[in-house]
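The structure appears below as structure tokens.
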Amino acid sequence: MKVLVVGAGGREHALVWKIIQSPKVEKVYVAPGNGGMKEAERVNIPVHEIVSLADFAEKEKIDLTVVGPEVPLSLGIVDEFKKRGLKIFGPEKIAAELEASKVFAKEFMKRHVIPTAEFDVITDYVEGEKIVKSGKYGFPVVIKTDGLAAGKGSFVCETQQEALNALDLIINKRKFALAGDRVVIEKFLPGKEISFTVITDGTNILPMVTSLDHKRAFDGNKGPNTGGMGAISPCPYVNTEIYRRIIDTIIKPAISGMLYEGRKFTGVLYAGLMLTEVGPMVLEFNVRFGDPESQAILLRLESDLVDILEGAINGFSPGLKPVWDKKPSVVVVLASGGYPGSYEKGKEIKGLDNLPDDVVVFHAGTEYKDGKYFTAGGRVLNVAAKGETLSEAREKVYAAIEKIHFDKMHFRRDIGVGK
Ligand code: AMP
Ligand code: GLY
């Protein structure tokens, strides 16, 4: 088989790394990929050029395409490929709306009684100001841009002024352009934040092992929100009872609700959840693998990922049951200093040779030139390992990180600590 992976980050490197291990796969392409994805051939097409990607897949007779990021899914890459009879893993555009529109997701959850924070949808500033000033949701209050905003469209506002500033930014200043045409104002949910990932064929679900992201930039969960600074698997907060409630009150009703509404959902459903006093509640739905959660998950998958991806497309066969390594995994993101704000690129990365065999380095934002690696993004590398225990996995990862260096390298030292 020839497989095409769409995307360029650590998540896509993990997908490439896992897919090439399948005995069915002869060759993996990645569009556009990054300098570290040595297992694959890079194709110079950006992720949003869905017609060019389909042209490439047609020309190269790609047997399976796997999409990493949400943008091509929301643009309808799956519809474009299916129209041409090309096999692709992921939801169609109308199903991807679960991530691409927070208004759709919130109203969908309300229709299907899926636990989520109380909310209002507004389209103008005065309306929003009235709700914020009424104190209806108290403080903090959460203000969210409807459309995709590269993870920057949600604001947890401690005070009335902060909430008004967020509304002003989205509605009056048009910071997110059309994505900000509608705004969700919702109640703040206190609790522990986790994510939960399943793969579905539209009817049946295959839960992945649990994982936990570390979203804040600095140790002790301080600093700005990022795309994720590290992940561990399993998630220490999900016991059997919580697991059952997530499946029964969130995942199953979401999948059957989408089917009922004529938006059959196939692919990855990755729910951002808050474990509150009254049970797990949904913060957001994503229609793709998490980054870096999927690196922690895929490291523990012993089964052939391609069988699972094909199962999601064709309908799962009854016997399909993924086998997981019991050993926990840890992934630490090495980022460029300044990320998630502005940062410099083009720094030479040293120390990637001679790392132990049981440490895996996924490249997230690198370029390769004249035999050397250089930084090319905010999140640069993901250093990952499994261990008999979480602390053994941590020790392996942090010992490897000691050997890696680039100017202004930043990482959290507490991924998985105290868990
Ligand atoms: P979202 O874009 O919906 O994932 O929100 C981004 C981040 O804001 C989440 O990862 C949470 O940390 C936080 N957040 C979003 N909604 C809420 C909420 N209702 N209560 C508490 N925190 C929230
Ligand atoms: N780690 C957060 C995300 O993938 O959205």
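The values are calculated or read from the model by the stated rules, or taken from the named source; none is laboratory data. None of the values given here were measured: they were computed from a predicted structure. Positions of Cβ are generated from backbone atoms using ideal geometry, with glycine treated the same way; all protein chains shown enter the neighbour counts.
For VAL51, the conditions (1) at negative phi; (2) crowded, with 19+ Cβ neighbours inside 10 Å are fulfilled apart from (2).
In the set (1) assigned to a strand (DSSP E or B); (2) more than 16 Å from ligand 2 (Cβ to nearest atom), MET274 fails one condition alone, (2). Scanning for something among the aliphatic types (A, V, I, L, M), surrounded by 17 or more Cβ atoms within 10 Å (Cβ to Cβ), away from ligand 1 (no atom under 16 Å from the Cβ) and not in a helix (DSSP H, G or I), does region 234-250 turn up at least one residue? Scanning region 234-250 turns up at least one residue that is among the aliphatic types (A, V, I, L, M), surrounded by 17 or more Cβ atoms within 10 Å (Cβ to Cβ), away from ligand 1 (no atom under 16 Å from the Cβ) and not in a helix (DSSP H, G or I).
When you scan region 366-374, do you find a residue that is in contact (Cβ under 8 Å) with a residue 24 or more places away in the chain, crowded, with 18+ Cβ neighbours inside 10 Å and in contact with a His (Cβ under 9 Å, 6 or more places away or on another chain), even just one? Checked region 366-374: at least one residue is in contact (Cβ under 8 Å) with a residue 24 or more places away in the chain, crowded, with 18+ Cβ neighbours inside 10 Å and in contact with a His (Cβ under 9 Å, 6 or more places away or on another chain). Of all residue pairs spaced 6 or more apart or on separate chains, those with beta-carbon atoms under 6 Å, a first member in region 100-128 that is within 16 Å of ligand 2 (Cβ to nearest atom) and a second member that is of a type in the set (Gly, Ala, Ser) and in a helix (DSSP H, G or I) are ALA100/SER74.
For region 25-99, the helices (runs of 4 or more DSSP H) that sit wholly inside it and include 1 or more residues that are among the hydroxyl-bearing types (Ser, Thr, Tyr) and within 19 Å of ASN286 (Cβ to Cβ) are 70-75.
Among the strands (runs of 3 or more DSSP E) confined to region 171-225, the ones with at least 2 residues that are more than 16 Å from ligand 2 (Cβ to nearest atom) and of a type in the set (A, V, I, L, M) are located at 183-187, 205-207. When PHE265, PHE188, PHE176 are checked against the criterion of being at pLDDT below 90 and either more than 16 Å from ligand 1 (Cβ to nearest atom) or among the hydrophobic types (A, V, I, L, M, F, W, C) (or both), PHE176 stands alone in meeting it. Filter region 144-173 for residues that are of a type in the set (Val, Ile, Thr), more than 15 Å from ligand 1 (Cβ to nearest atom) and at pLDDT below 90 and give the result. The one that is of a type in the set (Val, Ile, Thr), more than 15 Å from ligand 1 (Cβ to nearest atom) and at pLDDT below 90: ILE171. Filtering region 129-160 to residues that are away from ligand 2 (no atom under 16 Å from the Cβ), without any contact (Cβ under 8 Å) to a residue 40 or more places away in the chain and part of a loop (DSSP other than H, G, I, E, B) leaves GLY135, LYS136, GLU158, THR159.
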